[in-house]
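Asker: Questions regarding the structure given below will be posed in turn.
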């Protein structure tokens, strides 16, 4: 298991669809367990990617990573997950959102209209947090990273609704630009969280550790992330 993208998408899908209307929907808060274990895995992956030069104890990192994956598997295979899936399916077929007046506009619009509005909203939020990375702090840039991920997931989730040749071409260019943005802003986030990750794995005292997290790299990473952000947000929307 090299990635937990499917788990991310599972969490995002339930949260996004439930957000259509909150009347009796399975709360995304119930997915906190998945958020915690996937964060553990990501923090075990970072030393393997970014801190691989500090290799005296690779076995320790592998063990922690394997334990984190075991936690994900246990969580996904638990009765809580099965119950949540059943609750969510029941809500989809008979939830209050099917009758309450507040959700009338959503019920009556087409799938493509809903998708377009959802993608526009996600893009607007990503643009808000991604337009001035140099003038933002680490916390703000972390929000931009999350917004980029949500926009990418939304694009993948709704892509099948836009199947015209022009839409497909635009989708490929859009996702390519989003890939580059996520890579760059992810590297920037790794830099910001590096000290805590190194400390958590007992690597901070090793020779060369500080060289991986010095602020001297930060300005360059911010410029690269900003360029990637601008390219992604300038890409033509495949849903319009």
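Where a number appears in this text, it was derived from the coordinates with a stated rule and is not lab data. The shown structure was predicted, so the numbers you read here are calculated from the model rather than taken from an experiment.
Asker: Given the Cα-Cα distance of residue 138 and residue 77 and 0.36 nm per residue of separation, how much length would full extension add, in nm? The partial results should precede the final answer.
Answerer: On the way: separation 61, 0.36 × 61 = 21.96 nm, distance 3.51 nm.
Result for the pair: 18.5 nm of gain on full extension.
Asker: What is the projected area of the convex hull of the Cα atoms of the range 110-239, averaged over all directions, in nm²? Don't jump to the answer; show the numbers that get you there.
Answerer: Values: hull surface 34.2 nm².
Hull-based average projected area comes out at 8.6 nm².
Asker: Moving on. Compute the whole-percent fraction of alpha carbon pairs in the range 62-108 spaced more than 11 Å apart. Don't skip to the end; give the middle numbers.
Answerer: On the way: 787 of 1081 pairs.
Beyond 11 Å sits 73 percent of the P(r) for the range 62-108.
Asker: So between residue 172 and residue 205, what do we pick up on full extension, going 0.36 nm a residue minus the alpha carbon distance?
Answerer: Numbers: separation 33, 0.36 × 33 = 11.88 nm, distance 4.37 nm.
Length difference between fully extended and current span is 7.5 nm.
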